[in-house]
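Single-structure report; data block below.
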Amino acid sequence: MTAKPETTVHLWLPALPATGTASALRALLLRADRLSNGRAGYLAGLGDYFAGADNSMAAAATTREHVAHDAGEDTWLSADPAWVQPEMNGVRLLACGQLQLTRDEALAFADALRPAFDDAGIALEITTPDRWHLRLPPNTQLPTFSAPEQALGEDLSQHLPQGAEGKRWRVLINDIQVLLHQHPLNSARRARGLAPVNSLWLWGGGALSPPLPTTLTGVISDDLLLTALAVRADIETLARTEAAVAAAANGWLIDLQDLPIREIESVWLPLIDALMHRRSLRLHFASGERWQSKPWHRWRLWRRGER
């Protein structure tokens, strides 16, 4: 049975509270219709577009298959380069997977870590400079790992794998941090104003699952996991460019949820506003709130209050 075609363009945006009550982005909502909330967060939010996507999905295997085409039946775990900051009462995760690493830097850091992974019988794969993966034997049982969005800004102790099953991984994470702490590349990165790489964040474990169904026709995004899900679902994908956004058709998802509000308002908002004059547009904020805008809504001139 073929899914009913979408009759709207989908726009995925950052969390609504971050926009500010007087922002130009919030002004788009004045004449739109409020809908019931969608799912909040990144991984859970993907579930509004791909059935079955959630915080427990095998993100590592999905992204590895997309880039390297070798996921097979192995169990995979994302091991993304991370920056953690020791504090008086613990260690806080400040950044993960977006540390502007070059390929040479990634390989150099990985060389320092390989003995620890070799001792643990785990293969470390540098899929992209910012996306690393661990290859484990098929059917490897894994403890629960927190996704980066769940742990960013929080104390690591709240998000480490727990129990006897997690002990092996807690020891490995500690060894990784010791090996990276004094790596000479981190001094060079700090001198260039870049964050150090002093940990790896483990998440998204599991084996490759079948493609997740979707009613979307295509996706405009620079996000690796979202793009990988779209390719596996056999729908079109485009890089996030002004031309692609301006030409978005019904059934397409425009992914802006990872961008700063200031960039959205200065670069993308004029394109979004023009699109709203031509097409039905569903705005989905990462905090869950959703609105539906239709071209004729621009004549709702009596709607002037805050939304």
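A few comments on the model shown:
- Within the stretch 133-159, restricting attention to residues that are within 21 Å of VAL84 (Cα to Cα), out of contact with any Phe, Trp or Tyr (no Cβ under 9 Å at 6 or more places or on another chain) and not small (Gly, Ala, Ser), the residue that is surrounded by the fewest Cβ atoms within 10 Å (Cβ to Cβ) is GLN158.
- Among the candidates LEU229, LEU224, LEU216, LEU253, residue that is modelled with pLDDT of 95 or more, hydrophobic (A, V, I, L, M, F, W, C) and touching a helix residue (DSSP H, G or I) at 6+ places or on another chain (Cβ under 6 Å): LEU224
- Selected residue (criterion: nearest to ALA95 (Cα to Cα)) from residues of the stretch 127-144 that are part of a loop (DSSP other than H, G, I, E, B) and either β-branched (Val, Ile, Thr) or over 16 Å from the mean Cα position of the chain (by Cα) (or both): THR144
- Only one entry in LEU30, LEU16 is touching a strand residue (DSSP E or B) at 6+ places or on another chain (Cβ under 7 Å) and either surrounded by fewer than 17 Cβ atoms within 10 Å (Cβ to Cβ) or touching a residue at least 40 places away in the same chain (Cβ under 8 Å) (or both), namely LEU16.
- Restricting ALA195, ALA164, ALA191, ALA147 to residues that are of a type in the set (Gly, Ala, Ser), more than 16 Å from VAL91 (Cβ to Cβ), in the same structural domain as LEU77 (by TED's automatic domain parsing) and in contact (Cβ under 8 Å) with a residue 60 or more places away in the chain narrows the list to ALA147.
- Looking across the stretch 167-176, the residues that are within 24 Å of the chain's Cα centre (by Cα) and touching a residue at least 24 places away in the same chain (Cβ under 8 Å) come down to TRP169, ILE173, ILE176.
- Scanning the stretch 70-111 for residues that are crowded, with 16+ Cβ neighbours inside 10 Å, charged (D, E, K, R) and either part of a helix (DSSP H, G or I) or on the phi > 0 side of the Ramachandran plot (or both) yields a single hit, GLU105.
Matching residues to (1) in contact with a helix residue (DSSP H, G or I) (Cβ under 6 Å, 6 or more places away or on another chain); (2) closer than 26 Å to THR217 by Cβ:
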| position | (1), (2) |
| --- | --- |
| MET57 | no, yes |
| ALA68 | no, no |
| GLY72 | no, no |
| SER78 | yes, no |
| PRO86 | no, no |
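- Contact annotation: residue pairs with Cβ atoms under 6 Å, 6 or more positions apart or on different chains, pairing a residue in the stretch 244-272 that is aromatic (Phe, Trp, Tyr) with a partner that is outside any loop (DSSP other than H, G, I, E, B), are TRP252/VAL9; TRP252/GLY218.
The values are calculated or read from the model by the stated rules, or taken from the named source; none is laboratory data. Note that the structure is a prediction, hence the values are computed from the model and not measured. Every residue, glycine among them, receives a Cβ derived from its backbone with ideal geometry; neighbour counts consider all protein chains shown.
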